[in-house]
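Below is one structure, written out as structure tokens; comments come after it.
The values are calculated or read from the model by the stated rules, or taken from the named source; none is laboratory data. Please read all numbers here as calculations on a predicted model, not as lab measurements. Cβ placement follows ideal geometry from the backbone for every residue including glycine, while neighbour counts extend to all protein chains displayed.
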Amino acid sequence: MPTLLISLVVGLATLTQNATPTRLDAARTEIERIIGLSGAEVSVVYRPLNASAGGEILIGPDIVYHAASTMKVPVMIELFRQVDAKTLSLDDTVIVSNVFHSIVDGSEFTLGTSEEADGAAHLSLGKPMSYRDLCETMITISSNLATNVLMEKLGVEKIRATVTRLQAPGMKVLRGVEDQKAFDKGMNNETTGRALLTLLTAIGSGTAGSASATEQMQAILKRQKFNDGIPAGLPKEIVVGHKTGTITKIHHDAAIVYAPEPYVLVVMTRGMADEKKSDLLIAEISRIVYNAVTPR
């Protein structure tokens with residue numbers, strides 16, 4: 001075969017090979033298709049926990065959303081930073097109070113609490129509760145009461161400083177939960193998918209604190225009680241450590257997925273009033289990603 005013809009054949013083969021979509025490309029295309037059908041604004045961020053593994057999906061990674069309860073992740077990280085610094089112990093206790101202070105003018109406000117929403121924190125009102133149990137309640141059942149108690153003790157400025165240290169500027173923690181005066185002025189906790197990816201990667205890779213701290217944080221995330229989002233799209237044997245966040249027409253799930261090749265997946269949604277539908281969307285995105293990245 002003439003040299004020129006051989007070169008043309010080889011070149012055509014190379015172009016054809018390069019034009020073949022990878023499994024991640026195909027996954028992204030399918031995810032974008034179902035996002036379009038949902039009518040919602042959705043961000044999806046995927047990256048292997050082991051950075052050297054390569055490959056990622058970034059759909060709207062820097063779109064800013066109301067953080068909802070995903071802001072409880074940096075609160076947990078700051079708690080363990082202070083434990084590492086030996087300024088407190090997880091077994092130290094604090095009296096659980098339902099009196100907090102607005103960032104607008106310092107005025108007092110209270111939360112509507114219940115045993116269903118706040119678990120042990122509600123039952124401990126006026127009584128001592130350990131930092132360990134407050135953190136568990138904040139993450140696994142997303143207690144707002146436990147969150148605000150922790151934030152007033154840890155300090156919002158210190159939580160923000162830890163976010164800065166971990167290089168997740170898209171996560172902006174301004175205040176505790178249910179500060180109505182602040183909400184009315186648009187002073188809300190915000191985050192991006194990229195920021196949550198950064199924070200969960202730091203926990204999963206062991207850089208968010210000491211080995212003991214990050215192991216404990218991972219264990220707490222694995223005990224999450226709300227599992228209708230990312231975990232619902234995975235085989236039952238796959239362990240997931242994650243934090244959800246939900247308010248009106250906002251529904252997020254940010255996870256470390258302990259697949260054969262562990263990864264971080266963040267799905268953020270805005271505009272779906274029916275939480276069951278947003279759960280189904282998040283679960284389907286989770287399924288698509290898992291099938292794309294898991295060896296068969």
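Give me a count of the residues in the range 166-184 that are of a type in the set (D, E, K, R) and part of a helix (DSSP H, G or I).
Residues in the range 166-184 being of a type in the set (D, E, K, R) and part of a helix (DSSP H, G or I): 2 in total.
Say we look at the range 93-134 and pick out the residues that are of a type in the set (D, E, K, R) and surrounded by 14 or more Cβ atoms within 10 Å (Cβ to Cβ); which of these is nearest to GLY209 (Cα to Cα)?
ARG132
Please specify each residue of the range 241-296 satisfying the condition of being farther than 16 Å from GLN218 by Cβ and among the aromatic types (Phe, Trp, Tyr).
TYR290
Table: residues versus (1) in contact (Cβ under 8 Å) with a residue 24 or more places away in the chain; (2) in contact with a helix residue (DSSP H, G or I) (Cβ under 9 Å, 6 or more places away or on another chain).
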residue	(1), (2)
VAL45	yes, yes
THR93	yes, yes
VAL104	yes, yes
GLU108	no, no
HIS122	no, yes
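Which one is nearest to the chain's Cα centre (by Cα), of the residues in the range 70-101 that are assigned to a helix (DSSP H, G or I) and either farther than 23 Å from VAL267 by Cα or not assigned by TED's automatic domain parsing to the domain that holds LEU123 (or both)? Quick ask: steps written out before the conclusion?
If we filter the range 70-101 for residues that are assigned to a helix (DSSP H, G or I), which is where we start, we get 70-84.
Filter once more, keeping what is either farther than 23 Å from VAL267 by Cα or not assigned by TED's automatic domain parsing to the domain that holds LEU123 (or both): 78-84.
Details: GLU78: 15, LEU79: 17, PHE80: 17, ARG81: 18, GLN82: 21, VAL83: 22, ASP84: 22 Å.
Restricting to residues being assigned to a helix (DSSP H, G or I) and either farther than 23 Å from VAL267 by Cα or not assigned by TED's automatic domain parsing to the domain that holds LEU123 (or both), the top hit is GLU78.
So which residues in the range 276-290 are closer than 15 Å to LEU265 by Cβ and of a type in the set (A, V, I, L, M, F, W, C)?
LEU281, ILE282, ALA283, ILE285, ILE288, VAL289
When you scan the range 30-66, how many residues do you find that are β-branched (Val, Ile, Thr) and assigned to a loop (DSSP other than H, G, I, E, B)?
Going residue by residue through the range 30-66, those that are β-branched (Val, Ile, Thr) are 31, 34-35, 42, 44-45, 57, 59, 63-64.
Now narrow it down to the ones that are assigned to a loop (DSSP other than H, G, I, E, B): 63-64.
So the count comes out to 2.
Could you please tell me which pairs satisfy a Cβ distance under 6 Å, a separation of 6+ or placement on different chains, a first residue in the range 146-167 that is surrounded by 15 or more Cβ atoms within 10 Å (Cβ to Cβ), and a second residue that is of a type in the set (Lys, Arg) and part of a helix (DSSP H, G or I)?
Within 6 Å, the pairs are THR147/LYS72; THR162/ARG81.
Being basic (Lys, Arg) and surrounded by fewer than 23 Cβ atoms within 10 Å (Cβ to Cβ) is the filter here; which residues of the range 59-88 pass it?
ARG81, LYS86
Within the range 190-199, does at least one residue satisfy the condition of being modelled with pLDDT under 95, crowded, with 21+ Cβ neighbours inside 10 Å and either in contact with a Phe, Trp or Tyr (Cβ under 8 Å, 6 or more places away or on another chain) or not in a helix (DSSP H, G or I) (or both)?
no
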